[in-house]
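What follows is one structure encoded as structure tokens, with my remarks underneath.
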């Protein structure tokens, strides 16, 4: 899977098929994870980036839903795509192949 972050956020399969990532918050989540270059982003930091001061009642639960939506979008595009979004050391990380982000 390849990710383009210069200009509009774009995701493509290895076969160059565009991947639809639904909803603006899910796309924002993807962009945040990509900007951290594989390092885990803590749940509270993700919630702050996604909602700022207008946090939902249970931001961790809503975040889990957004992560599930992102995983589904990646998996529906390419087998194994779901596994690119990982839970590690108190946060979420996106594991992209070397050279897959540009």
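Points to keep in mind about this one:
- Ordering of 37-43, 63-69 by burial proxy (mean other Cβ atoms within 10 Å per residue, highest first): 63-69, 37-43
- Least to most buried among 94, 6 (fewest other Cβ within 10 Å first): 6, 94
- The C-alpha radius of gyration of the chain, expressed as a fraction of 2.2 N^0.38 Å, stands at 1.01.
- Mean ellipticity per residue at 222 nm, deg cm²/dmol - from DSSP H runs of n ≥ 4 across the chain, formula -39500 (n - 2.57): -12500 deg cm²/dmol
- Order by protection proxy (mean Cβ within 10 Å, highest first), peptides 19-32, 46-59, 75-88: 19-32, 75-88, 46-59
FYI, it's all coordinate maths here, none of it is from the lab. Because the structure is a prediction, the values reported are computed rather than measured. For neighbour counting, all protein chains shown are included, and Cβ atoms are generated from backbone atoms with ideal geometry for every residue, glycine included.
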